[in-house]
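The values are calculated or read from the model by the stated rules, or taken from the named source; none is laboratory data. Predicted model, so just to flag it, every value in this text is computed and none were measured. Glycine gets a Cβ as well: all are built from the backbone with ideal geometry, and neighbour counts include every protein chain shown.
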Amino acid sequence: MKILLMGNPNVGKSAIFNRLTGAKVIESNYPGTTVDYTRGYMRLDDEDVEVIDVPGTFSLEPKDVAEEVAVKILKENRDSVVVCIIDSTKLERGLYLALEIIEEGYPVVIALNMWDIAKEKSVWIDAKKLERVLGVPVVPTIAVSGEGIRELVSRIKEASPVDIERIVRNLEG
Ligand SMILES: Nc1nc2c(ncn2[C@@H]2O[C@H](COP(=O)(O)OP(=O)(O)OP(=O)(O)O)[C@@H](O)[C@H]2O)c(=O)[nH]1
Ligand SMILES: [Mg+2]
């Protein structure tokens, strides 16, 4: 199992990566491209789990080479849990990607990062409600202060694929 940190550009993926991993990080170049990404390890239930700081992307339909690499890393690591990092002040475009990843069948945990900036801008997101609607853990985080990171880590093991057909069957009664 690996942990992939994914999200739109500039949402705090690397800041969260730094919080999760230790000093030993590995810079990798994606073969055949000029795109670099970082890998590291975190301790999870007495195991060292690989964490990948995936290049930012807006969707799973790549528009440039960095997005292409992001999608390739996702597809090459089917056994991963995806921590989807969303800028809380840009919820809609972040959810667009998160929903695509959920639909692909990956177990997902959502970090609502930049929670401090959202608060400053009086943006309020009902994280619990979002969690119920999507059926995946949703945790507010402030990567620069570390707030929420412990909870984010503790909820990684809860992540499991969302069975969309089952939800529809339940709704239909
Ligand atoms: N106020 C605040 N700033 C944050 C938070 N998380 C990250 N930042 C800042 O936002 C900027 C972008 O963070 P990065 O971690 O580089 O974002 P990224 O998603 O890795 O960006 P790319 O790799 O360029 O796509 C940096 O200046 C961070 O210090 C947060 O929760 N609150
Ligand atoms: Mg980064």
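A few remarks follow.
- Any hit, the range 14-37, residues being of a type in the set (Gly, Ala, Ser), crowded, with 18+ Cβ neighbours inside 10 Å and either outside any helix (DSSP H, G or I) or modelled with pLDDT under 95 (or both): no
- When each of Val65, Val71 is tested for being among the β-branched types (Val, Ile, Thr) and in contact with a Leu (Cβ under 7 Å, 6 or more places away or on another chain), the lone residue that passes is Val71.
- Qualifying residues in the range 127-148 (those that are in contact (Cβ under 8 Å) with a residue 40 or more places away in the chain and under 19 Å from Thr89 (Cβ atoms)) - the one farthest from ligand 2 (Cβ to nearest atom): Pro140
- Filter pass, Tyr41 being touching a Gly at 6+ places or on another chain (Cβ under 9 Å), among the hydroxyl-bearing types (Ser, Thr, Tyr) and either part of a strand (DSSP E or B) or more than 24 Å from Arg93 (Cα to Cα) (or both): yes
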